[in-house]
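The structure under discussion appears below in the form of structure tokens.
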Amino acid sequence: MAVASAAAGAGHAGAGPAGSGPGSPAPGGAGVLAVRALRFWLVNYRRTWRGSIYTSVANPVLYLGAMGLGLGTLVDQHGTGRLGGVSYLAFLAPGLLAATGMQTAMNESTFPVMAAVKWLKTYQAAVATPLRPGDLFRGHLLFTALRVLMNSAIFLAVMAAFGAVQSAWVIAALPVCVLTGLAFAAPVEAWAITRDKDTSFSLLIRFGLIPLFLFSGTFFPVTQLPGWIQPVAYATPLWHGVALCRSLSLGTADVGGSLLHVAYLVVLTVAGLLAGQHFYRRRLYV
């Protein structure tokens, strides 16, 4: 099994006279052990990638075709002043790009965590080696970041094929998508490890992910929302990812605003990392 080989590798790294029982640190530091945990997810994905690659390609094609070109034709006929003078396709595409980072991160941070800790007991097997709970947490976050990067790169390629890119700076949107994804993945995974039932994941998607997707500036400017709810939209991590990706795609990004968006997303990611370290350890060290 993949987890067995990764755990065995960690065991060899941690072997030595100082002792290398379960949870003992291994030479090379936490980064090395996190990469060993990442190896399990990579081997597992190598066996299942065909099941996800179709949606990774189909989603951007369908969204940009139906919403960007189809609905966009009607929107453009009524003027684009409220969109900053750009076509609806050019306005929509970078917002969907950022939303792809959020959706990928949420998908990877909920049910896979439940499977690893409860259904398949992967995490319990791993912590019987020198891999520590924090290593498992960081290893899965690394895998999530890679998945976000892969899906975002595919989306960006489809954007370019649809002619929705207006600036070469859009390439910088890829790390922004990864950061946006981590701003969701880290705290959500820290929460997911505490769950005993998966019913709460459906509630999170229904009352968290979907409203964020619809009302964080992805499909229309936040200024079109009622005034009392606009501050809530501006406080969401997805809005910061959408605003930054859109400014990069349209070539309107400025240093001050970009740094503010990045700082907000970094703070959420760091908070999630700290929470994850705590809750992973509490759940797996019993």
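The values are calculated or read from the model by the stated rules, or taken from the named source; none is laboratory data. Model, not experiment: these values are computed from the prediction. Quick reminder, even Gly has a Cβ in these numbers, built from the backbone with ideal geometry, and neighbours come from all protein chains shown. The accessibility values were calculated without ligands, DNA or RNA, using every heavy atom of the protein model including side chains. Shrake-Rupley method; radii C 1.70, N 1.55, O 1.52, S 1.80 Å.
Taking only Cα atoms, what is the 0 to 90° angle, nearest 10, from helix 2-14's long axis to the longest principal axis of the chain? The answer is roughly 60 degrees.
A helix-only calculation puts the chain at -21500 deg cm²/dmol for mean residue ellipticity at 222 nm, using -39500 (n - 2.57) for each DSSP H run of at least four residues, averaged over all residues. Charge dipole of the chain (Cα centre as origin; +1 on each Lys and Arg Cβ, -1 on each Asp and Glu Cβ, all else neutral): 840 debye, rounded to the nearest 20.
Diffusion coefficient (Stokes-Einstein, Kirkwood radius over C-alpha pairs, 10 °C, 1.306 mPa s) for the chain: 79 µm²/s, rounded to a whole number. Once the 1.4 Å probe is applied to the protein heavy atoms, the chain comes out at 46 Å² accessible per residue. Sorted from longest to shortest, the spans of the Cα atoms of region 232-286 along the three principal axes equal 52, 21, 16 Å.
In this calculation the C-beta distance from LYS121 to THR252 is compared with R0 = 51 Å, giving a FRET efficiency of 0.55.
Against the compact-protein benchmark of 2.2 N^0.38 Å, the Cα-based radius of gyration of region 145-286 scales to 1.14.
Order these peptides, 73-83, 271-281, 126-136, 190-200, by their mean beta-carbon neighbour count within 10 angstrom, highest first. Intermediate results must be reported in sequence, preceding the final value.
On the way: 73-83: 12.4, 271-281: 18.6, 126-136: 24.3, 190-200: 16.4.
Taking the mean over residues of other Cβ atoms within 10 Å, the ranking is 126-136, 271-281, 190-200, 73-83.
Counting every C-alpha pair in region 142-194, the share spaced more than 12 angstrom apart comes to 66%. A simple spin-label model places the labels of LYS197 and ALA58 3.2 nm from each other, with each point 7 Å out along Cα-to-Cβ. Farthest toward the positive end of the dipole of the chain, out of LEU260, SER109, TYR54, is the Cα of SER109, where the dipole comes from beta carbon charges about the Cα centre. Farthest toward the positive end of the dipole of the chain, out of VAL188, PHE155, TRP119, is the Cα of TRP119, where the dipole comes from beta carbon charges about the Cα centre. The Rg/Rh ratio for region 25-118 is 1.19, where Rg is the radius of gyration of the alpha carbons and Rh is the Kirkwood radius. Rounded to the nearest 20, the size of the Cβ-charge dipole of region 102-238 about its Cα centre is 220 debye, with Lys and Arg at +1 and Asp and Glu at -1.
Taking label positions 7 Å along the Cα-Cβ direction at both LEU71 and THR48, the computed distance is 3.1 nm, reported to one decimal. Across region 181-187, rounded Karplus estimates of 3J(HN,Hα) from the backbone phi angles (6.51 cos²θ - 1.76 cosθ + 1.60, θ = phi - 60°) give x, 5, 5, 8, 5, 4, x Hz, Gly and Pro being marked x.
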